[in-house]
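The structure appears below as structure tokens.
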Amino acid sequence: MIVALDFFYIVVGLMLLAIAGMTLRDRHHPRRYSSALFWALYALLYLAGEALPPVAAGVLMLAMALLAGLGGVTAGRHGERTAQQRQESAARLRHKLLLPALAMPLVTMLGSTVLKDVQFDGRFLLDPKNLTLASLGCGALIAVALACALTRATPLQALRESRRLVDHLGWAVVLPHMLAVLGLLFSEAGMGRAVAYVVTSYIDMDVKLVAVAVYCLGMALFTIIMGNGFAAFPVIAGGVGVPVLVGVYHANPAVMAAIGMFSAYCGTLLTPMAANFNIVPAALLALPDKHAVIKAQVATAVPVLLVNIGLLYCLMNL
């Protein structure tokens, strides 16, 4: 393959390393040494992740958690433009501002469909095992280049803006990475069996509606805790979905899995742990309340979750 997923790991690692360097050079930063160390350790995980022994990678993640937990990761000073300058730039660019944002999904879709079988000298253009992610990575790089061209900015300015956004988000940037690992740990530790024991011991699962409600609510609750529906799915599906809904009530596994994941997404709307969905938009829009996105989504998440319970109850045996 020509564009492999490892290439984007290196790109992200180098970007984080540059952010660490800029943080270290910021003499007005209140926690510049600890913050720079945090981003440098995170960069190391991307740059040398596969070469690191599992124990070493675990130690790095624990060190990052310790730095963040002790308040060592804070925002620095940024030379932001004034509101008038931003308004003038927006008036000049108008709807062209949307082009970089639209370029990412467009390139991702083209890479995943039109370019999926393209080869040069017998090698795939895009990583066939990680086609969507490789296409998304290409879309992100093209979007950055397009944004620089439209705003007449340099790649260095793009790095400065990356640092500003990362500073706004703080340690929450690492949450998707950490929670993915947590999901694997829960699965390996047999959390599904533990959940199955608890729910069957303390909840009357002989009532079909109760079993369905426990499954859907459990998917949402574990997603709220873990911030990731894919991490919650093996735990709840292994503890309730397969042994109870499929094993006892003969539910269609496809329907059980689909509506279960949809229920998990309801939990995604309700948790700050899903930083890329709920914290990043608040930072991008500079909202005064960092939980404003979650508060706005409650009215959607709760009714949809209740509807999912009804849908699964009615459709699980189709």
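A short reminder: the numbers here are calculations on the coordinates, not readings from a lab. Every value quoted in this text rests on a predicted model; they were computed, and no experiment measured them. All Cβ positions, even for glycine, are placed from backbone atoms using ideal geometry, and neighbour counts span all protein chains on display.
Among the candidates GLY72, GLY58, GLY111, GLY49, which residue alone is assigned to a helix (DSSP H, G or I), over 30 Å from ALA153 (Cα atoms) and not aliphatic (A, V, I, L, M)? Testing whether each residue is assigned to a helix (DSSP H, G or I), over 30 Å from ALA153 (Cα atoms) and not aliphatic (A, V, I, L, M) leaves just GLY58. Set side by side, the residues LEU133, LEU159 differ, and just one is under 24 Å from HIS95 (Cα atoms) and touching a helix residue (DSSP H, G or I) at 6+ places or on another chain (Cβ under 7 Å), which is LEU159. Taken over region 58-75, the criterion of being surrounded by 13 or more Cβ atoms within 10 Å (Cβ to Cβ) and either within 24 Å of MET22 (Cα to Cα) or in contact (Cβ under 8 Å) with a residue 24 or more places away in the chain (or both) is satisfied by LEU60, MET61, ALA63, MET64, ALA65, LEU67, ALA68, GLY72, VAL73, THR74, ALA75.
ILE2 meets each of the listed conditions (1) crowded, with 18+ Cβ neighbours inside 10 Å; (2) more than 24 Å from the chain's Cα centre (by Cα); (3) of a type in the set (A, V, I, L, M) apart from (1).
(1) assigned to a helix (DSSP H, G or I); (2) farther than 18 Å from ILE225 by Cα: which one isn't true of ALA153, the others all being true? Of everything listed in (1) assigned to a helix (DSSP H, G or I); (2) farther than 18 Å from ILE225 by Cα, ALA153 misses just condition (1). Taken over region 6-40, the criterion of being in a helix (DSSP H, G or I), farther than 22 Å from PRO155 by Cβ and either in contact with a His (Cβ under 8 Å, 6 or more places away or on another chain) or touching a residue at least 24 places away in the same chain (Cβ under 8 Å) (or both) is satisfied by ARG32, SER34, SER35, LEU37, PHE38.
Here ALA264, ALA254, ALA258 are screened, and the one residue that is in contact with a helix residue (DSSP H, G or I) (Cβ under 7 Å, 6 or more places away or on another chain) and among the hydrophobic types (A, V, I, L, M, F, W, C) is ALA264. In region 12-50, which residues are small (Gly, Ala, Ser) and within 19 Å of ALA172 (Cα to Cα)? GLY13, ALA18, ALA20, SER34, SER35, ALA36, ALA40, ALA43 - these are the residues of region 12-50 that are small (Gly, Ala, Ser) and within 19 Å of ALA172 (Cα to Cα). Summed over region 8-55, residues that are under 24 Å from the mean Cα position of the chain (by Cα), more than 24 Å from LEU184 (Cα to Cα) and hydrophobic (A, V, I, L, M, F, W, C) total 11. Of VAL166, VAL199, VAL144, all but one fail to be over 23 Å from SER89 (Cβ atoms) and out of contact with any Pro (no Cβ under 7 Å at 6 or more places or on another chain); the exception is VAL199. For ALA103, the requirement of being surrounded by 14 or more Cβ atoms within 10 Å (Cβ to Cβ) and among the hydrophobic types (A, V, I, L, M, F, W, C) is met.
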